[in-house]
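Shown next, in structure tokens, is the structure this report addresses.
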Amino acid sequence: MPNILHSILTPFRDLLFVADCLHCGTPLRDGDRRVCRQCWDSLTPVRGGDHTLEVLRARFAAGGAIDGLEALCYFEKGGLLQSLAHALKYGEVTALGYELGYRLGAIVPPGSTDLIIPVPLNKRKERERGYNQSDWIGKGLSERTGIPFRTDIVRRRRYTVTQTHLNAQERKKNIADAFEVVLPQAVQHASCIIVDDIITTGSTIQELAAVLKQAGAARIVAAAAGLARLGEDG
Ligand SMILES: [Zn+2]
């Protein structure tokens, strides 16, 4: 099937012909969205006081751009979130991103910020995939919390220069140049949630937050479907 047709039809096929759980393979019941209830329940929730959460919160506080962090669950090897992340990236199962965002909405107070902004992909990657999975997480989060969702405020520049021959200062600037706020008036004095699928070191989301603050945003909360667990030294 030509690529374009494939990317148009596949999400509908996934919605219409629901069959087995994407993770464990048991037949789905009415109302299950691609994953069975037991598998959704198997996600390990992120809780206040957890080592990883507190290390990231401290790292963000020290960086000065991100004022808060919320995350749904841990990304575990072989776990549901790995299947979901894989499906989101390669299987074009956009309904899963939406469901993750909707669940994330349970821990984000309605009306707590003015805007939801997903971490943008660069255009080439988005074209290859057909969509940005963080957009779908953002849509689900917006539906649950009533906070407006915007994809037109910030964009990723096409390519960052290769880092190899840059010194530390130049590298930092190079990464910071990865994002561009195209509608700075939309974030003036605003508090924003920036949404990513999985946070590992948090450096990308910190750079996006810094760019939004430079453009005039007042407060930034980072939110992710998954956190990669940090080691005790991490
Ligand atoms: Zn299952």
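Quick rundown of the values:
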quantity	calculated
Ascending count of other beta-carbon atoms within 10 Å, so fewest first, for THR201, THR113	THR201, THR113
Three-way shape label, segment 44-228, alpha-carbon gyration tensor, a/c 1.5	rounded
PHE149 long-range amide H proximity, modeled H, under 5 Å	ILE116
Exposure proxy ranking, count of Cβ atoms within 10 Å, fewest first, for ILE107, ILE117, ILE137, ILE205	ILE107, ILE205, ILE117, ILE137
Likely footprinting exposure, ASP41, ASP67, ASP30, fewest C-beta neighbours within 10 Å first	ASP30, ASP41, ASP67
Gap separating the Cα centres of segment 106-162 and segment 173-234, nearest whole Å	11 Å
For VAL154, distant residues with modelled amide H under 5 Å away	VAL182
Amide H partners (placed H, <5 Å) of VAL35, local residues excluded	LEU22
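Just so you know, all these numbers are worked out from the coordinates, no wet-lab data involved. Because the structure is a prediction, the values reported are computed rather than measured. Methodologically, a virtual Cβ is constructed for each residue, glycine included, from the backbone with ideal geometry; neighbour enumeration extends over all protein chains shown.
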